[in-house]
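The values are calculated or read from the model by the stated rules, or taken from the named source; none is laboratory data. Keep in mind the model is a prediction, meaning the values are calculated, not measured. Cβ: placed from backbone, ideal geometry, glycine included. Neighbour counts: every protein chain shown. Only protein heavy atoms, including side chains, enter the accessible area calculation; ligands, DNA and RNA are left aside. Shrake-Rupley method; radii C 1.70, N 1.55, O 1.52, S 1.80 Å.
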Amino acid sequence: MSAADHKWSSLALRWVRLLLLLALAGGLAYAVLSLPDQAIGLNDQVRSNMETSGVHNPVTAVLLNFRGYDTLLEMGVLLVALLGVWSLGAAAAHRRVGPGPVLSFLVDGLVPMMILMAGYLLWVGAAAPGGAFQAGSVLAAAGILLLLSSKRLPVRLMRWPLRFALVLGLGAFVAVGVTLLSVSGLFLQYPPGLAGGLILFIEAAATLSIGVTLAALFLGGRPEAGPRR
Amino acid sequence: MNTVFLYALVGVGLFTLGLYALIVHTHLLRKILAVNVMGSGVFLVLVALGGRTPGASPDPVPHAMVITGIVVAVSATALALALLLRVRAETGRTRLPEERLE
């Protein structure tokens with residue numbers, strides 16, 4: 001094949017690719033536009049069962065109660081992703097460069113505020129937008145801020161306490177599910193009177209786990225409990 | 001045609017753009033970013049279509065699914081980035097080998 005032929009075939013390939021993608025976009029747009037203008041979806045089912053859910057925010061009710069399975073499995077996905085990252089090797093060696101005075105002052109002020117914010121988001125999730133994922137993300141941001149300003153966990157917290165915090169969310173979720181299974185015979189079927197308390201318990205554990213897992217993912221490898229600091 | 005469908009169509013556009021970038025670019029970091037753009041498009045479609053309810057309050061089920069999806073996308077991205085770093089450490093390359101048209 002000559003150079004000119006090669007150029008032509010790559011040009012043709014580009015056009016074919018573009019046409020196929022445009023056809024795909026057109027098909028998807030047609031599918032979206034052919035949906036009815038108004039759809040109730042599952043709104044009515046959710047609203048009519050809100051009294052039994054134990055919370056007042058419909059999104060939290062769906063996440064932790066009506067579709068608790070999704071959230072349970074998602075905590076599993078987070079843990080598996082972290083195991084995948086850890087199995088690829090240790091985190092890059094940590095250079096101990098102390099943060100400057102401005103960053104140090106900022107981090108010391110911000111991190112407690114972020115932890116407070118995470119607690120507020122967790123609590124407010126029962127009645128308004130908020131909940132375990134938002135709170136966990138804020139907690140993870142605080143952790144990443146600490147990592148970036150080269151503050152690390154003390155070595156004694158690096159091994160078992162860290163791993164305990166990582167599995168706490170999934171563990172609490174499964175423990176509640178199994179307990180309910182043995183009491184009522186249904187997995188994750190909260191009794192309406194206890195639902196609020198159970199959801200808060202699961203969310204608190206999940207918040208901590210999500211925060212620690214995301215911060216550990218940011219580290220990009222298994223933390224070595226060597227003599228770092 | 002209302003704002004719901006405008007947002008949904010923007011989501012479709014983002015998905016297609018991401019797919020194009022995923023096919024065209026050989027650099028692995030760009031592929032990871034492309035998958036993220038595709039995911040954002042899907043989330044936008046889901047959230048937009050959840051707003052087609054007659055009343056003021058949107059359907060909470062797609063919103064809950066998107067919250068779940070965002071966290072899964074973030075953790076999958078972290079795993080992909082760790083794999084990318086490992087590929088670079090092993091082979092010294094961050095691109096897929098170009099395929100020659102023969």
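Points to keep in mind about this one:
- A:Leu153 away from chain B (no Cβ under 14 Å) and loosely packed, with under 15 Cβ neighbours inside 10 Å: no
- Test for A:Leu186: is it part of a helix (DSSP H, G or I) and not charged (D, E, K, R): no
- Residue match in region A:48-62 (condition: open to solvent by 80 Å² or more (accessible area, probe 1.4 Å) and assigned by TED's automatic domain parsing to the domain that holds A:Lys151): yes
- Restricting A:Leu106, A:Leu153 to those that are assigned by TED's automatic domain parsing to the domain that holds A:Val62 and either under 29 Å from A:Gly54 (Cβ atoms) or in a helix (DSSP H, G or I) (or both) reduces the list to A:Leu106.
- Residue selected from region A:67-103 under the condition open to solvent by 80 Å² or more (accessible area, probe 1.4 Å) and in a helix (DSSP H, G or I), by the criterion nearest to A:Gly197 (Cα to Cα): A:Tyr69
- Taken together, B:Gly11, B:Gly55, B:Gly18, B:Gly39 contain a single residue that is of a type outside the set (Val, Ile, Thr) and more than 17 Å from the chain's Cα centre (by Cα), which is B:Gly55.
- Residue pairs whose Cβ atoms lie under 9 Å apart, sitting 6 or more positions apart in sequence or on different chains, and linking a residue in region A:168-181 that is assigned by TED's automatic domain parsing to the domain that holds A:Thr213 to a partner that is open to solvent by less than 40 Å² (accessible area, probe 1.4 Å) and not in a helix (DSSP H, G or I), are A:Phe173/A:Leu188; A:Val176/A:Leu188; A:Val176/A:Tyr190; A:Gly177/A:Leu188; A:Leu180/A:Leu188; A:Leu180/A:Tyr190; A:Leu181/A:Leu188.
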